[in-house]
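Report on one structure; see the data block that follows.
The values are calculated or read from the model by the stated rules, or taken from the named source; none is laboratory data. Because the structure is a prediction, the values reported are computed rather than measured. Here the Cβ positions follow ideal geometry from the backbone for every residue, glycine too, while neighbour counts run over all protein chains shown. Quick note on the areas: whole protein, heavy atoms, side chains included, nothing else; ligands and nucleic acids left out. Shrake-Rupley method; radii C 1.70, N 1.55, O 1.52, S 1.80 Å.
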Amino acid sequence: LYDVRYLLEGFAMQRIATHIDKSQIVLLEQLIEKMELTAKHEDYVEFSYYDIQFHDTIIKAAEHTRILHLWRSIRQILLTFLLVATEKRFTENKEEIQSLLNNHRILIEALRSGDPNRLQETLNNHSKDNWRTVTAAYFKS
């Protein structure tokens with residue numbers, strides 16, 4: 001599942017990097033601000049919803065019908081994994097929340113740069129962090 005997510009988001013980020021609209025960047029930044037606010041209120045559910053909306057925004061910005069369809073086919077499963085992993089972060093590893101927020105900021109900066117290598121490296125790092133968090137939440141006690 002995370003391999004499919006990685007491929008979809010990688011494609012979308014590469015596609016929008018050369019022509020991302022400033023309003024899309026603003027929306028991504030606003031979603032991070034909402035994530036920060038929900039983190040302060042220790043609301044992992046809302047945090048997770050804003051997190052998935054962040055990634056929805058990237059996928060939608062690619063304006064590719066098939067990619068959007070594929071994303072929507074896995075979105076609810078991703079959200080379920082995200083909810084469990086985020087709850088664990090909020091209850092057991094609060095220090096990771098700031099790291100997660102920073103990873104999202106780095107994704108925005110990579111998109112702004114338009115540099116395909118930087119985008120790929122940033123997405124690789126974000127995906128590794130996601131995979132590590134999800135496996136820790138589901139497969140370790």
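Side notes on the structure shown:
- Computed over protein heavy atoms with a 1.4 angstrom probe, the accessible surface ordering of Glu92, Glu87, largest first, is Glu92, Glu87.
- Computed on the chain, with alpha-carbon pairs under 8 angstrom and 6+ residues apart, the relative contact order is 34 percent.
- Highest-fluctuation residue, Asn124, Asn103, Asn93 considered, GNM on the chain with Cα pairs under 10 Å: Asn93
- Residue-count net charge about Arg105 - beta-carbon cut-off 12 Å; Lys, Arg +1, Asp, Glu -1: -3
- Put a plus charge on the Cβ of each Lys and Arg, a minus charge on the Cβ of each Asp and Glu, and nothing anywhere else: the dipole of the stretch 1-87 about its Cα centre is then about 440 debye.
- Take the Cα of Ile52, step 7 Å toward its Cβ, do the same at Ser23, and the gap between the two points is 2.5 nm.
- Area of Glu9 that stays accessible when all protein chains are in place (1.4 Å probe, Å², to 10): 10
- Label-point separation in nm, Thr91 to Gln14, each point 7 Å along Cα→Cβ: 3.9
- Extension gain, His69 to Gln98: 0.36 nm times the residue separation minus the Cα-Cα distance gives 7.3 nm.
- The mean accessible area for residues of the chain, using a 1.4 Å probe and ignoring ligands and nucleic acids, is 55 Å² per residue.
- Rounded percent of accessible protein surface that carbon and sulfur make up, the chain, 1.4 Å probe: 52
- Hits among aspartates and glutamates - C-alpha to C-alpha of Lys40 under 19 Å, sequence gap 8 or more where chains match: Glu29, Asp51, Glu87, Glu92, Glu95, Glu96
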